[in-house]
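S.K.: Below is the structure I would like to discuss, written out as structure tokens.
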Amino acid sequence: MFSTIYWASFSDFIHMGGYGFYVWGSFIACVLGLGIEWLLIKQQRKQVIQHLRRMALAQEMEDEGYEHSSLS
């Protein structure tokens, strides 16, 4: 049913029957795309966490301000 794919040498594997440029070019493009996506997500996550911390700190300061003004 399925034929076994094998290459006589590593060079044959790299050349992929004449389609090596397209196969490996596509592989590299996918790896680069996934790597860039991972870096962008990591950067965005860091920015969101910083933003949430600033919001939480601002809320705490606002809450403390109301508490001190009500004691007067």
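S.K.: Along the three principal axes, how long is the chain when you take its alpha carbons, biggest first, rounded to the nearest angstrom?
M.R.: Between the extreme Cα coordinates on each principal axis of the chain lie 88, 27, 15 Å.
S.K.: Give the calculated FRET efficiency between ILE14 and LEU39 to the nearest 0.05, with a Förster radius of 30 Å applied to their Cβ-Cβ distance.
M.R.: So the FRET efficiency works out to roughly 0.60.
S.K.: Still on this model: Using 7 Å Cα-to-Cβ label points, what is the ARG54/ILE5 separation (nm, one decimal)?
M.R.: Spacing of the two 7 Å Cα→Cβ label points: 5.0 nm.
Bear in mind that the values in this text are calculations on the coordinates, not laboratory data. Treat the numbers as computed from the prediction; the structure is a model and nothing was measured. Every residue, glycine among them, receives a Cβ derived from its backbone with ideal geometry; neighbour counts consider all protein chains shown.
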